[in-house]
Amino acid sequence: MNIIGLGLETSCDETAVSIVRNGTEALSNVTFSQIALHRKYCGVVPEIASRAHLEVINSLIDEALAAAKINFRDLNYVAATNRPGLTGSLLIGLQTAKALSFALGIPLIAVNHLEAHLYAPFLEGRELAFPYIGLLASGGNTAVYEVAGIGSLECLGKTIDDAVGEAFDKVAKYLGLDYPGGPVIEKLAAEAAKKEIFFPKILTASGDTRFSYSGIKTAVVNYIKANPEAGKAEIVYAFQERALELLVRRTIAFASGRGIKKIVAAGGVAANGRLRVLLSEAASALDAEIIFPSPPLCGDNGAMVAGLAFHYYVRNEFDDLSVDVRSKAS
Ligand code: KG4
């Protein structure tokens with residue numbers, strides 16, 4: 001089999017294009033990160049994001065084809081994320097995919113961004129097998145799913161306010177650290193000399209399935225106001241421990257409750273080394289397998305879109321040109 005697909009990912013602030021063979025082998029994977037454009041606002045500005053996608057997407061497609069050493073005529077299908085995400089940003093990727101589908105006469109496949117993230121580790125030589133528990137932790141989403149098959153995702157719990165990555169970004173902003181906050185906080189937390197600050201654990205009632213990250217952000221801000229002499233490394237260490245503890249506690253509770261022994265953790269926050277250690281320890285206590293994408297595939301990328309779309313392609317599940325973008329997943 002030699003099925004080649006092009007995947008476009010423009011749901012937020014990365015313009016990403018990838019060429020994938022047979023759903024697993026990324027022949028190229030190019031990403032333009034807009035971080036520099038959004039840095040001074042300490043968050044993504046939707047209007048700036050969609051304009052930037054438009055400016056670079058065509059040249060990135062050329063780059064991805066060249067890196068994969070193929071041309072347009074070698075493509076069997078074209079895929080784009082159409083949900084969830086920033087409407088204007090999603091439109092750039094989806095409209096580009098529609099134009100390619102129409103011009104080349106190849107199937108169009110519109111992909112759910114969340115499902116694509118949870119597919120990412122299967123681009124790296126692992127065999128795809130269901131069911132698995134999928135933790136998705138990023139700047140826009142924090143949720144756990146049971147993934148029972150292609151297109152079969154059941155949300156078991158999600159955030160009622162901020163996403164966990166958003167909390168990392170906001171705490172970093174308050175402390176005057178760089179954007180995005182996640183990698184900066186992880187590095188600074190590792191330098192904490194004393195580990196004597198403790199923020200309350202989040203949503204501890206038994207049976208609660210929700211996530212929440214706006215309270216801990218406020219707790220950090222209040223702590224800093226009351227303790228202006230406290231060290232930044234010590235503060236972010238304490239924040240990171242609590243923020244990650246909830247991700248681990250919920251993921252393990254869902255896996256255990258459903259009797260599922262395979263767990264995937266994906267999204268930008270899954271690149272966090274401390275989360276990887278904590279989740280791996282908790283999964284092994286449960287005798288469960290924990291699977292992380294390699295850090296470059298944790299964040300937004302085109303390979304996860306093209307790779308997941310392959311499975312729709314082989315099932316002849318295509319979209320027509322009337323398919324639209326949706327800011328929410330459902
Ligand atoms: O998945 P992603 O690239 O984009 C979307 O949000 O869709 O995730 C970006 C988020 C940001 O909030 C960033 O601060 C966070 O992931 N992040 C991290 C780390 N690397 C990225 N959070 C904690 N630790 C990290 N190492």
With respect to residue 36, determine if the residue is out of contact with any helix residue (DSSP H, G or I) (no Cβ under 8 Å at 6 or more places or on another chain), outside the structural domain of residue 149 (by TED's automatic domain parsing) and assigned to a helix (DSSP H, G or I).
yes
Would you point out which residue out of 263, 235, 202, 197 is part of a helix (DSSP H, G or I) and either touching a residue at least 40 places away in the same chain (Cβ under 8 Å) or under 23 Å from residue 290 (Cα atoms) (or both)?
235
When you scan segment 74-88, do you find a residue that is more than 26 Å from residue 324 (Cβ to Cβ), out of contact with any Leu (no Cβ under 7 Å at 6 or more places or on another chain), outside the structural domain of residue 138 (by TED's automatic domain parsing) and modelled with pLDDT of 95 or more, even just one?
yes
Taking segment 122-179 as the search range and keeping residues that are in contact with a Gly (Cβ under 7 Å, 6 or more places away or on another chain) and in a loop (DSSP other than H, G, I, E, B), which one is farthest from residue 301 (Cα to Cα)?
130
From 221, 325, 236, residue being in contact with a helix residue (DSSP H, G or I) (Cβ under 8 Å, 6 or more places away or on another chain) and within 23 Å of residue 90 (Cβ to Cβ):
325
On the basis of being in a loop (DSSP other than H, G, I, E, B), assigned by TED's automatic domain parsing to the domain that holds residue 147 and either more than 16 Å from the ligand (Cβ to nearest atom) or of a type in the set (A, V, I, L, M, F, W, C) (or both), does residue 324 make the cut?
no
For residue 50, state whether it is in a helix (DSSP H, G or I) and under 26 Å from residue 143 (Cα atoms).
yes
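Residues checked against (1) surrounded by 19 or more Cβ atoms within 10 Å (Cβ to Cβ); (2) over 23 Å from residue 118 (Cα atoms); (3) within 15 Å of the ligand (Cβ to nearest atom):
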residue	(1), (2), (3)
231	no, yes, no
247	yes, no, yes
255	yes, no, no
262	no, no, no
276	no, no, yes
279	yes, no, yes
Of the residues in segment 297-328, those that are over 21 Å from residue 142 (Cβ atoms) and under 22 Å from the mean Cα position of the chain (by Cα) come to 302, 303, 306, 307, 309, 310, 311, 312, 324, 325
Within segment 124-179, the count of residues that are of a type outside the set (Ser, Thr, Tyr) and within 15 Å of the ligand (Cβ to nearest atom) comes to 25
Would you call residue 238 buried (at least 18 other Cβ atoms within 10 Å of the Cβ), more than 14 Å from the ligand (Cβ to nearest atom) and not aromatic (Phe, Trp, Tyr)?
yes
Could you look through segment 299-330, keep only residues that are among the basic types (Lys, Arg) and at pLDDT 95 or above, and pick out the one that is surrounded by the most Cβ atoms within 10 Å (Cβ to Cβ)?
326
Return the only residue of 110, 103 being buried (at least 24 other Cβ atoms within 10 Å of the Cβ), of a type in the set (A, V, I, L, M, F, W, C) and over 29 Å from residue 243 (Cα atoms).
110
Does residue 206 satisfy the criteria of being touching an Asp or Glu at 6+ places or on another chain (Cβ under 6 Å), surrounded by fewer than 16 Cβ atoms within 10 Å (Cβ to Cβ) and among the small types (Gly, Ala, Ser)?
no
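The values are calculated or read from the model by the stated rules, or taken from the named source; none is laboratory data. Predicted model, so just to flag it, every value in this text is computed and none were measured. Neighbour counts run over all protein chains shown; Cβ positions are idealised from the backbone, glycine included.
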